[in-house]
Amino acid sequence: MNPPILEVRGLRKTFGSLVAVEEVSFSVAAGECVGLLGPNGAGKTTTLSMLAGLIRPDAGEVLIAGRALTGDTDPAKRRLGLVPQDLALYEDLSAAENLAFFGALYSLSRAELRDRGAAALDLVGLSGRAKDPPRTFSGGMKRRLNLAVALLHDPEILLLDEPTVGVDPQSRNAIFDNLETLRARGKTILYTTHYLEEVERLCSRVVIVDHGRVLADAPLAELRAREGEGQRCTVELAAPAPADWIAALRGLPGVRRVAARESQLIFEVADLTVAVPAVTAWLAQHGAQITQLSSARPNLESVFLSLTGRNLRDD
Amino acid sequence: MHPLLALIGKDLRLHVHNRRALILTLAVPIAIASFFGSLFGGQSGRVKPSGVPVAVVDLDHSAVSAQVLSNLLAEAGLRVSFPTNEAAAQDAVRQGQLAAAVVIPANFGRDAGRGLFGGGAKPDVVLYEDPGRQMESGLVRGLLTQHIISAVARNVFNGASGRQFTREGLARIEEAQGMPAGDRELLRTMLGGVDRWLARVETNGTSAAGAGGPGGGGGGFSLPFNFREEPAVREAVHQFQYNGYAHSFGGMSMQFVLMAAIDWGLAILLERQRGLWRRLRAAPISRGTLLAGRAASSALIGFGTLAVCWGFSMVVFHVRVLGSWPGFVLCNLAVAVFAASLGLFIAAVGRTPEATRGLAIFVILILVMLGGAWIPSFIFPEWLQQASVVIPTRWAMEGFDGMTWRGLGFAAAVKPVLVLLFSSLVCGGLAWRWFRWEAD
Ligand SMILES: Nc1ncnc2c1ncn2[C@@H]1O[C@H](COP(=O)(O)OP(=O)(O)O)[C@@H](O)[C@H]1O
Ligand SMILES: [Mg+2]
């Protein structure tokens with residue numbers, strides 16, 4: 001594995017009496033794509049702000065390629081590309097003017113601004129709208145431009161703060177395609193989100209935070225293993241199952257756990273080929289009518305649920 | 001491209017794209033300044049001032065009243081009308097159409113002449129005044145007094161009517177009971193002398209009555225002095241004269257440049273609120289560059305606004321810089337710099353844009369009002385004139401007035417410019433200290 005290009009050690013930040021980040025440490029290797037996952041208010045944005053030098057931590061340090069940022073004009077800032085959670089765009093300037101302005105803050109030449117601006121617009125599929133101001137854009141297009149603006153100075157490390165919040169599925173897919181392209185180009189990506197499936201799609205490793213603390217920091221595969229090799233199987237019945245069925249079902253061969261949710265029965269199974277015939281046979285014996293049966297690879301949701309005690313959705 | 005230039009260019013672009021800001025900094029001050037300018041005197045020497053509307057009802061129809069009427073008509077400051085009767089005149093005053101109405105009673109010429117020698121009842125000249133226009137009716141009263149005295153005096157001491165009065169006077173002296181013999185003798189000698197002198201003028205054929213009048217140098221009696229009205233500013237030597245628009249354009253363009261300063265301050269708060277501040281702070285540029293960019297773009301926009309407003313006033317209302325041009329330009333620069341620093345100050349102390357706007361508008365309106373941008377500060381009560389010396393905008397107006405219609409030299413611009421620049425330093429320094437650099 002590459003040496004870490006981004007290292008976070010013992011970060012802490014309080015706002016008055018509120019502890020936004022209590023103790024966060026992790027590191028990201030060059031070229032790695034890490035998900036920073038946590039529910040709203042977990043301290044993700046605050047952590048990212050400290051990473052980018054926007055706010056000073058109360059304790060701890062951030063090392064970029066082994067060195068701490070020394071001030072506002074530290075050239076190491078050029079290695080970072082921050083995509084803020086808000087749509088940080090000038091609504092009245094054209095897309096091209098936005099790109100050129102933010103690029104110029106990194107002292108790019110006019111030629112560089114022009115060429116890289118065009119390339120960034122091309123990447124996010126907005127080439128045709130270069131002359132239009134963001135106020136005429138859809139939410140998804142604004143999100144894409146928000147991403148493009150961070151790319152002009154060609155940073156090695158991308159700090160993405162919930163870059164898909166509030167966009168339609170199509171734009172979300174487009175943004176993911178862009179990020180996959182960037183990952184393929186060797187960019188290091190720290191992807192902040194409270195959507196589990198985004199981390200699963202993009203990242204190889206996940207850092208789970210809540211209440212300003214790291215709850216888990218592991219490769220995705222390892223977390224899945226924690227969940228066990230087991231698989232999930234959902235049976236949809238015509239009517240809700242009686243409560244006393246649960247214990248009986250749990251005793252069937254290959255079944256580990258059973259949960260009922262309205263007319264659904266959710267099984268965690270050690271071996272699908274053993275469990276499914278047993279379950280269907282038992283249900284048929286007891287007069288239950290199966291309307292649908294599905295199985296899925298293990299989902300990380302239960303891991304996060306057990307780690308955070310919170311739902312990872314918008315709550 | 002240098003980041004500072006990029007920051008300035010971004011602000012200028014945003015300003016040009018922002019129609020509301022453009023209207024607020026250009027169209028509105030020009031419109032309001034034009035209106036205020038026309039209220040405060042407008043362009044003297046170009047458009048004839050409309051004059052104080054006053055009505056005269058002459059119930060006398062004597063040589064004296066005719067003289068008073070013709071003198072009043074000749075007054076540039078009055079617009080005289082002649083209603084048919086007293087009631088109509090009184091009505092017009094009550095309805096606000098006239099500032100005052102004068103009624104010259106019947107037999108005024110005769111009674112006033114006698115009154116001068118202490119004989120008979122003095123006639124009553126009635127003056128109806130609009131209580132809301134005391135300045136104007138005061139002017140009417142002054143002019144009326146001047147012209148009545150002059151007309152009566154001339155009538156009494158000149159020509160045939162003059163001899164009539166002196167003879168009546170002599171007769172009354174003889175008839176008067178209980179007058180000490182010495183007094184009687186002196187008065188008899190004085191009036192007798194006047195009578196004999198008038199008789200001599202008559203026989204020599206010199207028309208004293210014709211050559212008399214308030215300013216006349218001929219024989220006869222008249223007021224012992226003339227008014228010569230001279231403005232205290234250097235307008236006489238210039239082709240263009242005092243112009244009320246000069247003050248209003250200076251005041252209004254400054255007011256709206258300061259108003260724009262609120263928007264510049266709020267723009268920073270909005271950048272903060274909308275996450276743009278994160279991008280700005282994430283870039284490898286110093287705090288000094290960030291604030292300098294904002295200050296420079298604000299000052300440029302402010303200076304441009306002042307230039308356009310003044311340009312308009314010069315082309316349309318013939319406002320001229322009668323004093324020093326370098327002084328004038330410096331004053332404008334200093335006002336622009338002051339406004340820019342005020343914008344930074346607002347950004348430093350403001351929390352949310354919404355909460356900041358109202359308070360900032362209030363403070364700036366007070367600044368502008370006490371600075372004399374609406375009405376000249378010399379109209380203020382004495383204590384306020386003294387107190388407002390600490391207000392930078394007061395000095396700005398002093399500089400503008402000095403360089404435009406007062407026609408003062410460069411030296412008169414130095415103090416206003418220094419006061420404004422010092423105030424800018426204070427505002428900018430506090431902004432630097434209190435600014436929240438962290439993104440939130
Ligand atoms: N500037 C700030 N002032 C006060 N509290 C803040 C500030 N920024 C964040 N917080 C608080 O810190 C906590 C963590 O916020 P944040 O880092 O934005 O969480 P996340 O990005 O994970 O949703 C929240 O409770 C939030 O209200
Ligand atoms: Mg956040």
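The values are calculated or read from the model by the stated rules, or taken from the named source; none is laboratory data. What you are looking at is a predicted structure, and each value in this text was computed from that prediction instead of being measured. Ideal geometry is used to build each Cβ from the backbone, glycine not excepted, and the neighbour counts take in all protein chains shown. Ligands, DNA and RNA are excluded from the accessible area calculation, which covers all protein heavy atoms including side chains. Shrake-Rupley method; radii C 1.70, N 1.55, O 1.52, S 1.80 Å.
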Pair residue B:82, residue B:203: separation of 7 Å Cα→Cβ label points (nm): 3.9 nm
Counting only protein heavy atoms and leaving out ligands, DNA and RNA, the solvent-accessible surface of residue A:55 at a 1.4 Å probe, in Å² to the nearest 10, equals 10 Å²
Considering only C-alpha atoms, what is the centroid distance from region A:148-211 to region B:364-440, in Å? 52 Å
Answer rounded, prolate or oblate for chain A, using the Cα gyration tensor with square roots of eigenvalues a ≥ b ≥ c: rounded when a/c is under 1.5, else prolate when a/b is larger than b/c, else oblate. prolate
Nearest 10 degrees, 0 to 90: helix A:272-285 Cα axis against chain A principal axis: 50 degrees
Working out 0.36 nm times the residue gap between residue B:19 and residue B:300, then minus their Cα-Cα distance, what length gain in nm do you get to one decimal? 99.4 nm
Heavy-atom SASA rank of A:236, A:198 (probe 1.4 Å, accessible area, largest first): A:236, A:198
Just to confirm, what accessible area per residue do you get for region B:239-434 at 1.4 Å probe, in whole Å²? 38 Å²
Quick one: accessible surface of residue A:37, probe radius 1.4 Å, all protein chains present, in square angstrom to the nearest 10. 0 Å²
Please report, as a whole percent, how much of the solvent-accessible surface of chain A comes from carbon and sulfur atoms (probe radius 1.4 Å). 49 percent
Residue A:25-residue B:422 FRET efficiency (beta carbon distance; Förster radius 45 Å; 0.05 resolution): 0.35
Potential lengthening between residue B:168 and residue B:12 on full extension [0.36 nm per residue; Cα-Cα distance subtracted]: 47.6 nm
Give me the accessible area of residue B:354, 1.4 Å probe, in Å² rounded to the nearest 10. 120 Å²
Under 5 Å from the placed amide H of residue A:206, counting only residues 5+ away or on other chains, we find A:35, A:218, A:220
What does the charge count near residue B:353 come to, summing +1 for each Lys or Arg and -1 for each Asp or Glu among other residues with Cβ under 11 Å from its Cβ? +1
Put +1 on the Cβ of every Lys and Arg and -1 on every Asp and Glu Cβ in the protein assembly as shown; which of B:366, B:105, B:193 then has its Cα farthest towards the positive end of the dipole? B:193
Tell me, what HN-Hα J-couplings in whole Hz come from the Karplus equation 6.51 cos²θ - 1.76 cosθ + 1.60 at θ = phi - 60° for each residue of region A:253-264, using x for Gly and Pro? x, x, 8, 9, 9, 9, 9, 10, 9, 6, 8, 9
Å² of accessible area per residue within region A:1-64, as computed with a 1.4 Å probe and no ligands counted: 37 Å²
Just to check I understand the Karplus step: with θ = phi - 60° and J = 6.51 cos²θ - 1.76 cosθ + 1.60, what whole-Hz values come out for region A:24-32, glycine and proline as x? 10, 9, 6, 9, 10, 7, 4, x, 7
On C-alpha positions alone, give me the angle between the axis of helix B:287-317 and the longest principal axis of chain B, in degrees, nearest 10. 30 degrees
Straight-distance crosslink candidates among lysines, where the alpha carbon sits under 21 Å from residue B:122 and sequence neighbours closer than 8 are dropped: none
Determine the order of B:408, B:370, A:99 by accessible area, beginning with the largest, at a probe radius of 1.4 Å. B:408, B:370, A:99
Got a number for carbon plus sulfur as a percent of region B:85-191's accessible area, 1.4 Å probe? 56 percent
Using a 1.4 angstrom probe on the protein heavy atoms only, could you order B:252, B:259, B:135, B:1 from most to least accessible area? B:135, B:1, B:259, B:252
In the A-B interface, the accessible area buried, summed over both sides, Å² (probe 1.4 Å): 2800 Å²
Those residues of region A:106-123 for which accessible area with every protein chain present is at least 20 Å² below the isolated value (1.4 Å probe): A:106, A:107, A:110
How far is helix B:3-17 tilted, in degrees, relative to the longest principal axis of the Cα atoms in chain B, given as a value from 0 to 90 rounded to the nearest 10? 50 degrees
Label-point gap, in nm, between residue A:185 and residue A:262 - each point 7 angstrom along Cα→Cβ: 4.5 nm
So which lysines pass the test for residue A:187, namely a Cα distance under 26 Å, with those fewer than 8 places away in the same chain ruled out? A:44, A:77, A:142
How would the protein assembly as shown be classified by its alpha-carbon gyration tensor: rounded, prolate or oblate, with rounded meaning a/c under 1.5 and the a/b versus b/c comparison settling the rest? prolate
Suppose each label sits 7 Å from its Cα in the direction of the beta carbon; what would the residue B:185-residue B:270 distance come out to in nanometres? 9.7 nm
Averaged over its residues, how many other protein chain Cβ atoms are within 10 Å of peptide B:15-28's Cβ atoms? 1
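Can you give the net charge of the other residues whose Cβ lies under 10 Å from the Cβ of residue A:255, counting K and R as +1 and D and E as -1?
+1
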Inter-chain shielding of A:41-47 (mean C-beta neighbours from other protein chains, 10 Å cut-off): 1
DSSP beta bridges in chain B: the antiparallel percent, rounded to 5, is 35 percent
If we count every other residue with Cβ under 9 angstrom of residue B:105's Cβ, Lys/Arg +1 and Asp/Glu -1, where does the sum land? -3
Residues along region B:401-440 losing 30 Å² or more of accessible surface when the other protein chains are present rather than the chain by itself (probe 1.4 Å): B:438, B:439
Okay, helix-only estimate at 222 nm for the protein assembly as shown: each DSSP H run of n ≥ 4 adds -39500 (n - 2.57), divide by all residues, round to 500 deg cm²/dmol; what do you get? -16500 deg cm²/dmol
Inter-chain Cβ neighbour average for residues A:18-28, partner chain, 10 Å: 0
To the nearest 20 debye, the protein assembly as shown has a Cα-centred charge dipole, built from +1 on Lys and Arg Cβ and -1 on Asp and Glu Cβ, of 1220 debye
Counting only DSSP beta bridges with both partners in chain A, the antiparallel fraction in percent, to the nearest 5, comes to 65 percent
So which aspartates and glutamates can residue A:13 reach, going by Cα to Cα under 12 Å and dropping same-chain residues fewer than 8 places off? A:22, A:23, A:58, A:61
